[in-house]
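A.B. asks: Once you've had a glance at the structure underneath, I'll fire off some questions.
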């Protein structure tokens, strides 16, 4: 539904007031940031303060599936990233054949 402030995207009452024409049926589940530093700050705050499940970083636009794990990740983080990488590889193979 286009660009909006972060609080608008995740707070349904603000969303309905500010964007009454919006088609979202609840808070956004994907947030896109203008650059890496902003995204990393928000991601770390949400992950630590809200106890959210964080998967990423996910790199897009590469010729082949490429993903990065940060230091100190847990086994579940490795499994989640491996699953994303497998799906990326399958989609790439499907697109090339």
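A.B. asks: Would you mind calculating the relative contact order of the chain from Cα pairs under 8 angstrom and at least 6 residues apart, reporting the percent as a whole number?
C.D. replies: Dividing the mean separation by the residue count of the chain yields 15 percent.
A.B. asks: Next question, about the same structure. For the chain, what does the helix formula give at 222 nm: sum of -39500 (n - 2.57) over DSSP H segments with n ≥ 4, over the residue count, nearest 500 deg cm²/dmol?
C.D. replies: -16000 deg cm²/dmol
A.B. asks: Also, quick follow-up: For region 1-40, what Kirkwood radius comes out of the mean inverse Cα-Cα distance, in Å?
C.D. replies: About 10.7 Å, per the Kirkwood formula over Cα pairs.
A.B. asks: May I ask for the distance between the Cα centers of region 62-78 and region 11-51, given as a whole number of Å?
C.D. replies: 23
A.B. asks: If one takes the longest principal axis of the Cα atoms in the chain, at what angle in degrees, from 0 to 90 and to the nearest 10, does the Cα axis of helix 75-96 lie?
C.D. replies: Here the helix axis deviates by roughly 80 degrees.
A.B. asks: On the Cα set of region 28-71, report Rg and Dmax in Å, please.
C.D. replies: 11.6, 35
A.B. asks: Specify which labelled value, from (i) 16.9, 56; (ii) 13.8, 41; (iii) 16.3, 47, agrees with Rg and Dmax of the Cα atoms in Å derived from the coordinates of the model shown.
C.D. replies: (iii)
The numbers here are math on the coordinates, done by the rules we state, and not lab data. Keep in mind that what you see is a predicted model, and the values were worked out from it rather than measured.
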